[in-house]
Amino acid sequence: MDNRTRKNQLKIYLTDEEKEIFEKKMKHANCKTMSHFLRKCVLEKEIYVVDLEPFRNLQWLLSNATNNINQIVKATNTWTDPQKLDLKTNLRRSVF
């Protein structure tokens, strides 16, 4: 034990399904031991952190735009006054 270069041990608990997935991935990676597979996963793979804030802002802007379009369409479809029909057709042309 004194000759070991790796002296720290980790212990994890998995469900049966997680264990099956783990074993399939370990077999797919051609690793014979769990230690080799975990070292390969941890030391050779890069971890990417993605900032989703710009996409949240884009989603908010898109949501506002679609709400505005829905309000315009609802208003144009509910008008029945003949004088407003000309405005209704103009709005349809500008939106669509």
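Every number here is computed from the coordinates shown, using simple stated rules; none is lab data. Quick caveat, the model's predicted, so the values are computed rather than measured. We place every Cβ from the backbone using ideal geometry, glycine too, and count neighbours over all the protein chains shown.
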Separation of segment 19-40 and segment 57-78 by C-alpha centroid, Å? 50 Å
If I model a spin label at ASN70 and GLU18 as a point 7 Å from the Cα along the Cα→Cβ vector, what separation in nanometres do I get? 3.9 nm
Could you tally up the Lys pairs in segment 1-71 with alpha carbons closer than 24 Å? Skip any pair fewer than 8 positions apart unless they're on separate chains. 23
Calculate the FRET efficiency for LYS25 and VAL49 from the Cβ-Cβ distance with a Förster distance of 35 Å, rounded to the nearest 0.05. 0.95
